[in-house]
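Structure record follows, encoded as structure tokens.
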Amino acid sequence: RKWRDTAGYLILGNVKTLTEAAALIKGGRLSPVEATREMLTRIDTLDLSLNSYLSVWGDRALERAKTAEDEIASGHYRGPMHGMPIAVKDLLETSGARTTAGSKVLRDWVPDRDATVITRLEEAGAVILGKLNMTEFAMGWYHPEMPVPKNPWALDRWLGASSSGTAAAVAAGLCMGGIGSDTGGSIRLPSAACGLTGIKPTFGVVSRHGVLPL
């Protein structure tokens with residue numbers, strides 16, 4: 001059953017996939033602003049126990065969602081990511097916003113550039129909700145002073161490797177899709193642990209510029 005807000009837009013309640021949401025946004029049946037607001041509400045409610053996010057860009061995300069909604073309404077549709085609320089692993093540099101790589105060492109570091117992946121997502125009109133948790137520098141384990149993400153299916157179950165926050169957020173419906181990174185299984189293992197599809201791209205297909213190296 002689909003249900004609607006007071007403006008008549010579909011709410012995300014029964015929307016299962018990113019591609020389904022993209023079709024609804026393109027057709028004007030799903031509001032990027034309301035979809036983003038619903039995701040932020042879910043993060044506020046559910047992520048207290050899951051720790052999938054290291055930072056949430058609430059006001060910034062809503063501003064981007066409003067821009068996307070206005071562009072789509074005026075006929076300037078950029079493609080399937082336009083107006084889509086997603087989140088990214090905190091290994092990707094983000095201009096003007098913290099990038100910690102899951103480490104106390106970088107807890108307050110604010111880069112002055114965006115990773116190419118971030119630039120291309122924003123050019124496509126994506127709405128970035130925030131930065132996702134990970135093992136320290138994508139290796140080993142979590143820094144003892146950083147929150148440890150949990151598997152949303154069972155808090156005591158294994159969550160996989162370094163892109164664990166991304167998998168937890170997607171599985172819990174705290175974003176419509178997420179960006180991770182994978183050198184030796186860091187996307188694929190958390191995806192398997194959370195019942196998701198995770199893709200490791202062929203080297204060179206997706207730019208690693210601005211992604212902190214192992």
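The values are calculated or read from the model by the stated rules, or taken from the named source; none is laboratory data. Treat the numbers as computed from the prediction; the structure is a model and nothing was measured. Neighbour counts are summed over all protein chains in view; Cβ atoms, including those assigned to glycine, are modelled from backbone coordinates with ideal geometry. Quick note on the areas: whole protein, heavy atoms, side chains included, nothing else; ligands and nucleic acids left out. Shrake-Rupley method; radii C 1.70, N 1.55, O 1.52, S 1.80 Å.
What's the FRET efficiency of R78 with E145 using the Cβ-Cβ distance as r and R₀ = 45 Å, to the nearest 0.05?
Taking R0 as 45 Å, the efficiency between R78 and E145 is 0.70.
Stretch T116-R42 to full length: gain in nm at 0.36 nm per residue minus the Cα-Cα span?
Stretched out fully, the T116 to R42 stretch lengthens by 23.8 nm.
What accessible area, in Å² to the nearest ten, does a 1.4 Å probe give for V206?
Rounded to the nearest 10, that gives 70 Å².
Tell me which residues come under 5 Å, amide H to amide H, from L132 once H is placed; ignore anything under 5 positions away on its chain.
Close amide H contacts, sequence-distant or interchain: L54, V88, K89, D90.
Given a cut-off of under 8 Å on Cα pairs at least six residues apart, what relative contact order in percent is computed for the chain?
21
Output wanted: per-residue J couplings in Hz (rounded whole) for region 191-196, from phi through Karplus 6.51 cos²θ - 1.76 cosθ + 1.60, θ = phi - 60°, x for Gly and Pro.
Running phi through 6.51 cos²θ - 1.76 cosθ + 1.60 with θ = phi - 60° gives 4, 4, 5, 10, x, 10 Hz.
When the solvent-accessible surface of protein heavy atoms is calculated with a 1.4 angstrom probe, in what order do H143, H209 fall, highest first?
H209, H143
Rounding to the nearest 20 debye, state how big the charge dipole of the chain is about its Cα centre with +1 on each Lys and Arg Cβ and -1 on each Asp and Glu Cβ.
540
Work through the residues other than D90 whose Cβ is under 11 Å from its Cβ and net out their charges, Lys, Arg +1 and Asp, Glu -1.
Around D90, the surrounding residues sum to +2.
Order D112, D70, most accessible first, counting only protein heavy atoms with a 1.4 angstrom probe.
Greatest to least solvent exposure: D112, D70.
Set the Förster radius R0 to 45 Å, insert the Cβ-Cβ distance between W158 and V205 as r into 1/(1 + (r/R0)^6), and round the FRET efficiency to 0.05.
Result of the calculation: an efficiency of 0.95.
When all protein chains stay in place, what accessible area (Å², nearest 10, 1.4 Å probe) is found for T202?
Approximately 100 Å² of T202 is accessible to the 1.4 Å probe.
With θ taken as phi - 60° and the coefficients 6.51, -1.76 and 1.60, list the Karplus ³J(HN,Hα) couplings across region 68-77 in order, rounded to whole Hz; mark glycine and proline as x.
4, 4, 5, 5, 5, 5, 8, x, 9, 8
Going by amide H atoms built from the backbone, whose H comes under 5 Å of the H on L30, apart from near neighbours?
Close amide H contacts, sequence-distant or interchain: L10, I25.
Counting only chymotrypsin sites (Phe, Trp or Tyr not before Pro) that sit in a DSSP loop (anything but H, G, I, E, B) with at most 14 other Cβ atoms within 10 Å, what is the longest stretch of the chain containing none of them?
In short, 4-108.
Starting at the first residue of region 16-23, write each ³J(HN,Hα) from the Karplus equation 6.51 cos²θ - 1.76 cosθ + 1.60 with θ = phi - 60°, in whole Hz, x for Gly and Pro.
9, 10, 4, 5, 5, 4, 4, 5
Would you work out what percent of the accessible area of region 90-214, with all protein chains in place, is carbon or sulfur (probe 1.4 Å)?
C and S fraction of accessible area: 56 percent.
Computed from the coordinates I sent, Rg and Dmax of the Cα atoms in Å equals one of (i) 16.4, 49; (ii) 21.9, 72; (iii) 58.7, 192. Tell me the label.
Given (i) 16.4, 49; (ii) 21.9, 72; (iii) 58.7, 192, the calculated one carries the label (i).
Going by accessible area, probe 1.4 Å, with all protein chains left in place, what is the ranking of I25, I179, largest first?
I179, I25
For each pair in K66/K104; K26/K150; K16/K131; K150/K200, compute the distance between the two Cα atoms and list the pairs where it is over 26 Å.
K66/K104; K26/K150
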